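Shown next, in structure tokens, is the structure this report addresses.
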Amino acid sequence: MNAVIITVGSELTDGRVLDTNTAFLARRLDRLGVRIILALSVPDDHRQIGEAIRFAMEKTPGLIVVAGGLGPTEDDLTSPAVAAALGLEMEPSSQAARFVRSAVRAGGELKPHEAKQAMMPDGSTVIRPAGTAPGFIVRAGASVVVALPGVPWELRAMWKDAVTAARIAELIKAARSPARGRLNFYGVGEAEVGAAARQLLGETGPGLDLSICSRRGEIMLEVTAESKHEDLVQELTTTLKQNFSDSVYSEGKEIEEVVAAQLTAAGATLAVGESCTGGMLGEAITRVPGASAFFLGGITAYSNNVKRSPLKVRQETLENVGAVSEPVAQQLALGARSLTGADYGAGITGVAGPSGGTPEKPVGLVFICVSSERGDVVKRFDFPGGRAQVRESAATAALHVLHRKIIADSL
Ligand code: ATP
């Protein structure tokens with residue numbers, strides 16, 4: 001089954017707000033085996049919303065998901081624009097009125113802006129609001145339109161009710177989840193992985209779709225096919241995993257989740273001493289639920305003073321080789337370990353830029369150390385890009401150095 005996603009909001013089309021709703025909806029629909037054939041954003045403009053709906057109807061039959069513009073204010077135009085595009089009247093809905101009344105906890109008459117949210121395109125099924133704006137589902141020729149609010153947490157909360165509503169559930173039942181294989185790589189080029197995968201695809205035969213994307217040095221590969229080709233997908237990913245055994249770190253999981261699972265399984269703890277990443281490594285680790293079981297804490301040792309105390313980086317090292325150096329990364333890792341008593345310590349120091357680079361130590365130079373009872377590993381990286389990319393790449397690289405060190409320690 002095909003789907004079109006339409007996000008509504010002038011703040012999206014003028015770039016003030018990053019459209020995260022499309023990504024959320026696309027991932028959820030993809031998991032259900034629904035193919036996204038088009039995703040577009042339109043401003044809060046009656047005509048543009050209507051044209052987007054009509055355009056989507058030309059591209060489907062299927063599901064048209066609209067997010068945003070269901071609020072109580074003047075610029076919230078999605079419901080009347082959808083109704084006009086479909087040639088439907090706006091009718092007061094007693095169920096929507098009940099939902100709005102209970103959301104605003106008001107008895108009696110709704111205020112005009114609340115009553116506006118209780119008006120629905122004729123023939124709509126109303127979706128219970130998570131905030132104050134109800135959603136709706138309405139037939140649009142051979143397609144079905146589902147409209148949900150744009151506030152990201154409201155959209156997420158209401159998504160479940162939307163997909164289980166009879167009209168949508170029926171459509172989705174017809175979509176069969178595809179066979180899917182995922183592999184994530186680090187420390188190998190996108191071109192190399194792509195070439196190897198394409199060669200295998202050529203050998204496996206048609207019917208398999210390959211997508212590869214890279215982010216901060218990580219490469220994410222996904223193979224999809226109709227469910228009847230499950231075996232071929234399995235075969236391809238198993239072969240790639242064998243051929244790239246040093247570089248594959250997961251079958252779709254993020255590196256912080258992989259490291260969290262490793263530390264949990266080993267019953268080991270971690271502490272970090274970060275300079276140029278300013279706490280990003282600690283942030284990535286604590287993104288994983290349950291991190292308190294293994295993460296003891298981190299010190300953002302930005303100034304040399306904080307590097308010296310409490311992390312015990314030696315003054316003579318700072319004077320002799322400078323703060324961005326292999327020995328300082330090592331002393332940050334050791335300092336984090338000895339300060340907290342953790343089994344693993346990670347240290348990061350580097351030149352994030354834009355200023356501060358020299359010919360010997362250019363912007364992008366980063367040293368990362370992971371220290372444990374079994375010894376220390378220090379790596380040098382030369383990351384491309386500006387400040388944000390260097391910092392993100394460094395935090396990601398530290399997780400990968402940690403990942404490999406924990407594997408090495410377990411051998
Ligand atoms: P409400 O009445 O609850 O505001 P709504 O459907 O009218 O719901 P909008 O007014 O479109 O929602 O957006 C509400 C908030 O959600 C705004 O802060 C907006 O920037 C944000 N938002 C809307 N769409 C998106 C999106 N696609 N991605 C990220 N944020 C979004």
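The values are calculated or read from the model by the stated rules, or taken from the named source; none is laboratory data. Note that the structure is predicted; figures quoted are calculated from it, not measured. With ideal geometry, Cβ positions are generated from the backbone for all residues, glycine too; neighbour counts draw on all protein chains shown. Accessible surface is based on the protein model in full, side chains and every heavy atom, while ligands, DNA and RNA are left aside. Shrake-Rupley method; radii C 1.70, N 1.55, O 1.52, S 1.80 Å.
A Cβ distance below 8 Å, combined with a sequence gap of six or more or placement on separate chains, defines the contacts here; from the range 145-169, residues that are touching a residue at least 40 places away in the same chain (Cβ under 8 Å) and open to solvent by less than 10 Å² (accessible area, probe 1.4 Å) reach residues that are among the basic types (Lys, Arg) and more than 16 Å from the ligand (Cβ to nearest atom) in the pairs Val145/Arg139.
Output the residues belonging to the range 66-93 that are hydrophobic (A, V, I, L, M, F, W, C), more than 11 Å from the ligand (Cβ to nearest atom) and within 25 Å of Glu170 (Cα to Cα).
In the first step, residues of the range 66-93 are kept if they are hydrophobic (A, V, I, L, M, F, W, C); the result is 66-67, 70, 77, 81-86, 88, 90.
If we keep only those that are more than 11 Å from the ligand (Cβ to nearest atom) as well, we get 81-86, 88, 90.
Within the range 66-93, Val82, Ala83, Ala85, Leu86, Leu88 meet the criteria.
Contact map, the range 3-32: first residue in the same structural domain as Leu70 (by TED's automatic domain parsing) and open to solvent by 60 Å² or more (accessible area, probe 1.4 Å), second residue within 10 Å of the ligand (Cβ to nearest atom) and of a type in the set (Asp, Glu), Cβ cut-off under 8 Å, separation 6 or more or different chains; pairs are Val17/Glu11. Evaluation of Lys253 against the conditions (1) open to solvent by 70 Å² or more (accessible area, probe 1.4 Å); (2) more than 22 Å from the chain's Cα centre (by Cα) shows that the sole unmet condition is (2). Among the residues of the range 1-41, those that are in contact with a strand residue (DSSP E or B) (Cβ under 9 Å, 6 or more places away or on another chain), within 11 Å of the ligand (Cβ to nearest atom) and outside any helix (DSSP H, G or I) comprise Ile5, Ile6, Thr7, Val8, Gly9, Asp19, Ala39, Ser41.
I'd like to verify a number: residues in the range 356-385 that are modelled with pLDDT of 95 or more, of a type outside the set (Val, Ile, Thr), open to solvent by less than 80 Å² (accessible area, probe 1.4 Å) and assigned to a loop (DSSP other than H, G, I, E, B), how many? The total comes to 4. In the range 386-403 there is at least one residue matching the filter, namely being without any contact (Cβ under 8 Å) to a residue 60 or more places away in the chain and either surrounded by fewer than 15 Cβ atoms within 10 Å (Cβ to Cβ) or not assigned by TED's automatic domain parsing to the domain that holds Ala265 (or both).
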